[in-house]
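Structure first, then comments.
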Amino acid sequence: MKAIGGLLIILALAVGIVPALTSCESRGKAIALPNGKSIPMKCHWTGRAELVAAVPLLAVGAIMMPTRRRETLQALSVLGILIGAMVILLPTTLIGVCANPDMLCNMVMKPVLTFTGMLIILVGAAGFFLARRAESQ
Amino acid sequence: MIVLEGVTKVYTLSQEHKVTAVHDVSLEVAPGEFLLVTGRSGSGKTTLLNLIAGLTRPTTGRVLWNGVDLWSMSDRQQARLRSRRVGFVFQFPSLLPALTMAENVVLPSAFSVNGDRQGAHEQAAELLSTVGLADKLLAYPRQVSAGQQQRAVIARALFNRPEVLLADEPTSDLDEKTEREIMDLFQAVHADTGLTIILVTHTAELVSYGTRHVRMAGGQITTEED
Amino acid sequence: MNLLELARKNIAGSAFRSWTVGLCALLVAALTLATSLILSGAEDSLRLAAERLGADIVVVPEGTEAKVESALLMGTTTRVWMDEETLDAVRAVPGVQAVSPQLYLSTLVDAACCAVSDMFLVVYDPQTDFTIEPWLKETIGEGLKLGQVVGGHYVFVPEGEQNIQLYAYLLTLRANLEPTGTSLDSSMFLTMETARDMARISESMALEPLVIPEGKISTILLQVAPGFDLDEVALEIMHQVPGVTPIVSTNLFQAYRQQMTSLRTSTTVSMVTTLTLSLATLALVFSLATNERKRELGMLRAMGATREFVFGSLLVESGILALAGAATGIVLTVMITSLFHNLIVNTLNIPFLLPSLQGLLGPVAGGIGLALLCITLAAMVPAYRISSMEPAMAMRE
């Protein structure tokens, strides 16, 4: 289960880092208000939420690595799958990204996060099935 | 009844270089015999065994199984004969590493006409317990000793309830104690089932196990004794 | 135990061989599918863009062909102008049945956030128009009124608001067009009346006013009367009207077609390279593997396996790996091309439409078929060699 845990850690890092590099704000874009202030766009908030999802995923991966007990591993895998679903839902439905299809967050951030989310779910599912071979205590 | 009539096998390595592995050998093996074939390495024992099983075509002469020439049969008929009537114990480690011990024992069912027959796994378990491996059904070959592997090979050779068991140096990789255990096993199988066994070995001390003994040298049978 | 089970166990038992073969299958299938998706999708996109335009000939200011084409196809904002009088001159050319002017405008770069930034605006004349008006009548039952617009597929009203605000002017979105797979999906269509109104309001209200040059138009869409040859009419326009270039609709997007030709060449080269490399790798892997398994296969024959069984088991093994690898490649390709569609369009600078589920069947079957063919071919030679060997020879070291 070391490999599964390691993969989840790498994916968690990707979930945390990708929005920081690909949200519109990373390119200095924000909504300019008439009074001169600027407020961040949707994609910024999605990025924040993804960061919040990445932290527990990192923990899941880290705990999984030394764990040998079947039930614990399966519970962690299910948690991983749920976080993976969150990673997909945040930029697609829950919060969303900016509407313009040509903007970076729409062109890169959303698909990368969706893809990463799918990988997380796949790895989680693999972990769940591999855990069946582990010892039950 | 297996009959070899003036069988010669010449291996052509190149145009000039030819090796006569078996030279003009005639031999009859009656049903129920436990024939031991001894000889130094290179004396043609293994080739003789391969000729008997139809694994190589004789250069001249005939190999008859119950009066039928092996090489008048098609590849399919030969395969069927080997699958139904012959069990093979090889010189080299011959269990498939990807299969468990039990799966290795049922392997012959993959080629038999009835294919994946019912009760195959029960039969495998029974055979493995006969050879003393009841607790190794789910083990992989790499997880057991060489002696245990060879026992499983014998179990596999018995899977299709053959009439003839052909064994090529089955104890060459084993220590003396294990060698005796394996030979005892052959003897016990012979006593229990009455099948024909042709066993090739370079260890002359093993002759006491058989009901008949032939010695080979230079591709020919030099002495024959009961 | 049967052939399939044995093959499955053997696959699981030799990880390196299985991964290599599976990966080759994945590459071949993925590349085949990606190539055919992008190339046929691009052709669809070009065809659709020309159809949507709905004109036989587009007359553009001389020297602006490429700009206009990229505006029409990709929705790239552009500002090209010619005198309004050109319209009458073109109308007078024999064979011309109808003409309608269009104006290309663009919003401020980086206007209010996400919904609209750097948007391409197409202004048309509802009195003479024969391309947008008929579609509108069919879809919403009437033409556009003052302040109303039709948007590309991705144009929408920002959340919590009723209108789209451009140049401090409030626009009502009446309908959306079908997707084209290009930035045209975020362009907007409006009437001359609305555009002038917008320009008027923007002068006093907007940070930067919308300027529509007086007496200028961008392009002229033209319908040719029945019985006249498109090319001849185009030639006639070139002779009679100075300072313009007529583009026959079938010749539209020449630059993109050329780009596609080079894309096709480069993808063909990479396809051939991948195929050759995969075949070479596979041939190597299979001949190494079969050599390594000579003894095992000879042993199977000694145990009663027929030649066909040995040959078949090798092919079934490679077939399973090919199918598994190809299926993974297909799923990955479909996922990546649909997820990263916009990125690909922007990187290649060629629009492409993703096919429907039905249209996907052909390319998918092609990808899987090619992978299966490659692997079977590579596996066949050593499998045949070993299965026709004498078992005794195969078992010898």
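The values are calculated or read from the model by the stated rules, or taken from the named source; none is laboratory data. Remember, it's a predicted structure, so these values are computed and weren't measured experimentally. Counting neighbours? That spans all protein chains shown, and the Cβs are built from the backbone with ideal geometry, glycine included.
I need the full set of residues from region C:371-397 which are surrounded by 21 or more Cβ atoms within 10 Å (Cβ to Cβ) and either within 25 Å of C:Leu37 (Cα to Cα) or among the β-branched types (Val, Ile, Thr) (or both), in order please.
C:Ala371, C:Cys374, C:Ile375, C:Ile386
Pick from region C:276-287 the residues that are surrounded by fewer than 19 Cβ atoms within 10 Å (Cβ to Cβ) and touching a residue at least 40 places away in the same chain (Cβ under 8 Å): which of them is nearest to the other protein chains (Cβ to nearest Cβ)?
Only one residue tops the list, namely C:Ser287.
Can you tell me how many residues within region C:296-313 are free of Cβ contacts under 8 Å to residues at least 24 places away in the same chain and assigned to a helix (DSSP H, G or I)?
Residues that pass the stated criteria total 2.
Which of the residues that make up region C:12-64 are crowded, with 20+ Cβ neighbours inside 10 Å and charged (D, E, K, R)?
C:Arg17, C:Asp56
With respect to C:Gly160, is the statement that it is at pLDDT below 85, closer than 18 Å to C:Glu193 by Cβ and in a loop (DSSP other than H, G, I, E, B) true?
no
On the basis of being modelled with pLDDT of 80 or more and surrounded by fewer than 15 Cβ atoms within 10 Å (Cβ to Cβ), does C:Pro126 make the cut?
no
Is there any pair linking a residue in region C:204-230 that is in contact (Cβ under 8 Å) with a residue 40 or more places away in the chain and closer than 13 Å to C:Leu105 by Cβ to one that is of a type in the set (Asp, Glu) and outside any loop (DSSP other than H, G, I, E, B), with Cβ under 9 Å and at least six apart or on different chains, and which?
C:Pro209/C:Glu203; C:Leu210/C:Glu203; C:Lys216/C:Asp83; C:Ile217/C:Asp83
Here are C:Met188, C:Met198: which of them is surrounded by 21 or more Cβ atoms within 10 Å (Cβ to Cβ), more than 20 Å from C:Leu87 (Cβ to Cβ) and away from chain A (no Cβ under 14 Å)?
So the residue among C:Met188, C:Met198 that is surrounded by 21 or more Cβ atoms within 10 Å (Cβ to Cβ), more than 20 Å from C:Leu87 (Cβ to Cβ) and away from chain A (no Cβ under 14 Å) is C:Met198.
Counting only residues that are in contact with a Leu (Cβ under 8 Å, 6 or more places away or on another chain) and modelled with pLDDT under 90, how many does region B:35-69 have?
0
Matching residues to (1) at pLDDT 90 or above; (2) part of a helix (DSSP H, G or I); (3) within 14 Å of chain A (Cβ to nearest Cβ):
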residue	(1), (2), (3)
C:Leu315	yes, yes, no
C:Ile320	yes, yes, no
C:Gly329	yes, yes, no
C:Thr333	yes, yes, yes
C:Ser338	no, yes, yes
C:Asn342	no, yes, yes
C:Gln358	no, yes, no
C:Val364	yes, yes, no
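Which one of these does B:Ala124 not meet: (1) touching a residue at least 40 places away in the same chain (Cβ under 8 Å); (2) surrounded by 21 or more Cβ atoms within 10 Å (Cβ to Cβ); (3) more than 25 Å from B:Ser172 (Cβ to Cβ)?
So the condition that B:Ala124 fails would be (1).
Return yes or no: is C:Ile11 part of a helix (DSSP H, G or I), within 14 Å of chain B (Cβ to nearest Cβ) and touching a residue at least 24 places away in the same chain (Cβ under 8 Å)?
Here the answer is yes, as C:Ile11 does meet what is asked.
Suppose we filter region C:293-319 for residues that are crowded, with 18+ Cβ neighbours inside 10 Å and within 20 Å of C:Leu33 (Cβ to Cβ); how many remain?
Of the residues in that region, 0 qualify.
Among the listed residues C:Ile212, C:Ile247, identify the single one that is in the same structural domain as C:Pro101 (by TED's automatic domain parsing), outside any helix (DSSP H, G or I) and of a type outside the set (D, E, K, R).
That would be C:Ile212, the only listed residue that is in the same structural domain as C:Pro101 (by TED's automatic domain parsing), outside any helix (DSSP H, G or I) and of a type outside the set (D, E, K, R).
For region B:139-226, list the strands (runs of 3 or more DSSP E) that sit wholly inside it and hold at least 1 residues that are without any contact (Cβ under 8 Å) to a residue 24 or more places away in the chain; which are they?
B:220-225
Of all residues in region B:58-115, which are within 11 Å of chain C (Cβ to nearest Cβ), of a type in the set (Val, Ile, Thr) and surrounded by 14 or more Cβ atoms within 10 Å (Cβ to Cβ)?
B:Val86, B:Val89, B:Thr100, B:Val105, B:Val106
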